[in-house]
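Report on one structure; see the data block that follows.
The values are calculated or read from the model by the stated rules, or taken from the named source; none is laboratory data. Note that the coordinates shown come from a computational prediction; the quantities given were computed from them, not determined experimentally. Note: ideal-geometry Cβ built from the backbone for every residue, glycine included; neighbour counts use all protein chains shown. What goes into the accessible areas is simple: the full protein's heavy atoms, side chains included, and nothing from ligands, DNA or RNA. Shrake-Rupley method; radii C 1.70, N 1.55, O 1.52, S 1.80 Å.
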Amino acid sequence: MNPATVPWADRDDLIALAATLEARFVGGVVRDSLLGHVVADIDLATPLSPETVIARVRDSGFKPVPTGIAHGTITAVLPDGPVEVTTLRRDVSTDGRHAVVAFTDNWREDAARRDFTMNALYADPRTGALFDYFGGLDDLKAGRVRFIGDPLQRIAEDHLRILRFFRFHARFGQAIDEAGLAACTARANDLMALSRERIAAELLKLLVAARAVPVVALMVERGILRAVIPEIDAEGAERLAVLAEREQASGVAPDAIRRLAALLPPQAAEAVGARLKLSNVDRKRLIAATAGPGDEGPRALAYRVGVPGAIDRLLLAGESVEAIRDWTPPALPLTGGALVARGIGKGPEVARLLRQVETRWIAEGFPDEARVAELADAAVAQA
């Protein structure tokens, strides 16, 4: 790895801190740098104990935050953003959801407890030298998401790795790793032991990955989600494929909630949103996306439900979003006070007339303020 091209190349404070902590960059920052992708988070691994890390971070002039100290993770708050520093670990026991760990100074032991070979790559902050204990570089070049060691054992340690296998394959994969696929298929029912929030988080990330469409189809074929979201079937996978084509043709970015709505039968949206414990905002959007676009037209719909919600409904219904993709809905250029000034007494009648004028204004395609004044005058006269 060329140290001049990595995302930390111009961060002297970070490189100096890493040297102080005897640390290496690890995981996603190394993987994504090698692929030329944008790096979202920077993680460091160190053989030093969490207490020593806290002291050295503070001595370097930065704030240490014990965000996950029980598992050896300290967040160092640097001017350019936070950096997670984790002491090397080995698993003592696991139950499929949580792990009991012990700290170690052995880099290979730390690599061995990670999920996939491409996530077990380390890099020297100063020289860019790579450390690869399980063939992760070859797998990364081949686009192969491969478990470290026995796939069944890795899944037994953390059942979420089933979904991570498919998410990483949707993002990075070319040829599927057959051993990993077979293990995920065999242990798919293990997902029932996970919280629905964790399942939702992984699924939503997967749905916006580059190869989400064929990967979701493969998951349906193998029955991966059957135990936890049985509503997602082959017809849903086909609807997702159609939606993805419409998104691309319309120049609209993929959206996880919209794509989840495509996967589900409309009548299942409310139940699945509740089961996955989506946020109230996402749950309402999921349900609304299946309501259909109505017959008022795209801009009227966008005015009433917002542009994102209208795009969801139109794309799912196979209608054009050209009229609203770059459109900002206007505000009605009329207030209740303007109606009172025209002689309407304060009270419910003002709100009724406002709605009446607004309905006509929408139907006429949002005309200018002069036309709205005419509509207001007519409504007041009629009242």
- Amide hydrogen neighbours beyond the local backbone of Gly27, cut-off 5 Å, H modeled: Leu121
- How big is the charge dipole of the range 225-383 about its Cα centre, in debye rounded to the nearest 20, if each Lys and Arg gets +1 on its Cβ and each Asp and Glu gets -1 on its Cβ? 620
- Note on the structure: Interchain or sequence-distant (5+) residues whose placed amide H lies within less than 5 Å of the amide H of Thr67 are Thr75
- Query: In sequence order, what are the phi-derived ³J(HN,Hα) couplings for the range 365-372 according to the Karplus relation 6.51 cos²θ - 1.76 cosθ + 1.60 with θ = phi - 60°, rounded to whole Hz, with x for glycine and proline?
  - Reply: x, 6, x, 6, 5, 4, 5, 5
- Residues of the range 54-74 with backbone N under 17 Å of the label point set 7 Å from the Cα of Thr104 along Cα→Cβ are 71-73
- Pop a pseudo-label 7 angstrom from the Cα along the beta-carbon direction at both Glu270 and Asp13 and give the gap in nm to one decimal. 5.1
- Note on the structure: One would report the Cα pair-distance distribution of the range 222-281, bin width 10 Å, in %, as 22, 50, 27, 2
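Expressed as a whole percentage, what fraction of the accessible surface of the chain belongs to carbon and sulfur atoms when a 1.4 Å probe is rolled over the protein heavy atoms?
Details: 9090 of 17900 Å².
Of all accessible area on the chain, carbon and sulfur atoms account for 51 percent.
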- Note on the structure: Between the Cα axis of helix 212-222 and the main Cα principal axis of the chain, the angle (0 to 90°, nearest 10) is 70
- Query: So for the pair Arg325, Ala381, with labels modelled 7 Å out along Cα→Cβ, what separation do we get in nm?
  - Reply: 4.3
- When the helices in the chain are scored as -39500 (n - 2.57) per DSSP H run of 4 or longer and the sum is shared across all residues, what 222 nm value do you end up with, to the nearest 500 deg cm²/dmol? -14500 deg cm²/dmol
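Using only C-alpha atoms and all pairs of different ones, pull out the Kirkwood radius for the range 1-122 in Å with one decimal. Can you show the working numbers first?
Working: mean 1/r = 0.0676 Å⁻¹.
Answer for the range 1-122: a Kirkwood hydrodynamic radius of 14.8 Å.
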- Message: Give me the extension gain from Ala70 to Met1: residue separation times 0.36 nm, minus the current Cα-Cα distance, reported in nm with one decimal.
- Response: 21.6 nm
- Message: Let me check something: with ligands and nucleic acids excluded, how do Trp361, Trp107 order by accessible area (1.4 Å probe), largest to smallest?
- Response: Trp107, Trp361
- Quick calc: nm separation of the 7 Å Cα→Cβ label points for Asp368 and Arg355 -> 3.1
- If ligands, DNA and RNA are left out, what is the accessible area of Lys63 with a 1.4 Å probe, given in Å² to the nearest 10? 130
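Can you tell me, using C-alpha contacts under 8 Å and at least 6 residues apart, the relative contact order of the range 164-271 as a whole percent? Show your work: numbers first, answer last.
Numbers: 96 pairs, mean separation 30.6, N = 108.
Relative contact order for the range 164-271 comes out at 28 percent.
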- Computed over the Cα atoms, what is the radius of gyration of the range 1-44 divided by 2.2 N^0.38 Å, N being its residue count? 1.08
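To one decimal place, what orientation-averaged projected area in nm² is obtained for the convex hull of the Cα set of the range 322-383? Let's see the in-between values first.
On the way: hull surface 17.6 nm².
Averaging across all directions leaves 4.4 nm² for the Cα convex hull.
If you take the alpha carbon radius of gyration of the chain and divide it by 2.2 N^0.38 Å, what ratio comes out, to two decimals?
So the Cα radius of gyration is 1.28 times the expected 2.2 N^0.38 Å.
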- Message: What are the extents of the Cα atoms of the range 101-140 along their three principal axes, in Å, largest first?
- Response: 28, 24, 11
- Task: Starting from the eigenvalues of the Cα gyration tensor, five times each then square-rooted, give me the equivalent ellipsoid semi-axes of the range 169-298, largest first, whole Å.
- Result: 25, 18, 12
- Task: For Lys277, go through the lysines and keep the ones whose alpha-carbon is under 25 Å away, minus same-chain ones fewer than eight residues off.
- Result: Lys205
